[in-house]
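To keep things clear, I will list the structure first and then write my remarks on it.
The values are calculated or read from the model by the stated rules, or taken from the named source; none is laboratory data. These numbers come from a predicted model, not from an experiment. Cβ: placed from backbone, ideal geometry, glycine included. Neighbour counts: every protein chain shown.
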Amino acid sequence: MGAKIKKGDKVIVLTGRDKGRSGEVIEVRPSDERALVRGINVVKRHQKQTAQQEGGIISKELSIHLSNLAVADPKDGKPTRVGFKIMTDGKRVRIAKRSGVEIDG
């Protein structure tokens, strides 16, 4: 089965602390059913100084479950479900269920 959410997609958070906010998917972890989204689920961590990294308090994104994300419709930017359509040449493309527009990526 093809992935409904991919790296580079513009997504909207449906539930939780960041509900209603949107961002770009940095990384998808299919085995965990989670994704990293830029600027979403940001936490502060105390980092001990190492030879490679400076110490101090750093902010980083934690992963968010795929069920709490929805792809933004390319037409109007609102959350939509994702469907698949088989083209005449046999290629599968993702489409937004809301508007029927093809999702590039």
Selection within the range 1-48 - closer than 21 Å to PHE84 by Cα and among the β-branched types (Val, Ile, Thr): ILE5, VAL11, ILE12, VAL25, VAL28
Some residue of the range 43-54 being under 19 Å from LYS78 (Cβ atoms) and surrounded by 10 or more Cβ atoms within 10 Å (Cβ to Cβ): no
VAL43 vs. criteria touching a Gly at 6+ places or on another chain (Cβ under 7 Å) and modelled with pLDDT of 95 or more: no
Members of the range 17-33 found to be closer than 18 Å to ALA72 by Cα, surrounded by fewer than 17 Cβ atoms within 10 Å (Cβ to Cβ) and of a type outside the set (Asp, Glu), listed by number: LYS19, GLY20, ARG21, ILE26
Strands (runs of 3 or more DSSP E) completely within the range 1-40 that count 3 or more residues being β-branched (Val, Ile, Thr): 10-13, 22-29
Residue in the range 86-99 that is of a type in the set (S, T, N, Q), in contact (Cβ under 8 Å) with a residue 12 or more places away in the chain and surrounded by 10 or more Cβ atoms within 10 Å (Cβ to Cβ) present: yes
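Mind telling me which of the residues LEU14, LEU36 ends up being crowded, with 17+ Cβ neighbours inside 10 Å, touching a residue at least 24 places away in the same chain (Cβ under 8 Å) and either within 21 Å of ILE95 (Cα to Cα) or under 11 Å from the mean Cα position of the chain (by Cα) (or both)?
That would be LEU36, the only listed residue that is crowded, with 17+ Cβ neighbours inside 10 Å, touching a residue at least 24 places away in the same chain (Cβ under 8 Å) and either within 21 Å of ILE95 (Cα to Cα) or under 11 Å from the mean Cα position of the chain (by Cα) (or both).
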Meets criteria (under 21 Å from ILE103 (Cα atoms) and modelled with pLDDT of 95 or more) for VAL25: yes
Failed item, numbered, when ASP9 is tested on (1) without any contact (Cβ under 8 Å) to a residue 60 or more places away in the chain; (2) surrounded by 10 or more Cβ atoms within 10 Å (Cβ to Cβ); (3) acidic (Asp, Glu): (1)
All strands (runs of 3 or more DSSP E) inside the range 53-105 with 1 or more residues being over 14 Å from the mean Cα position of the chain (by Cα): 56-61, 82-86, 92-96
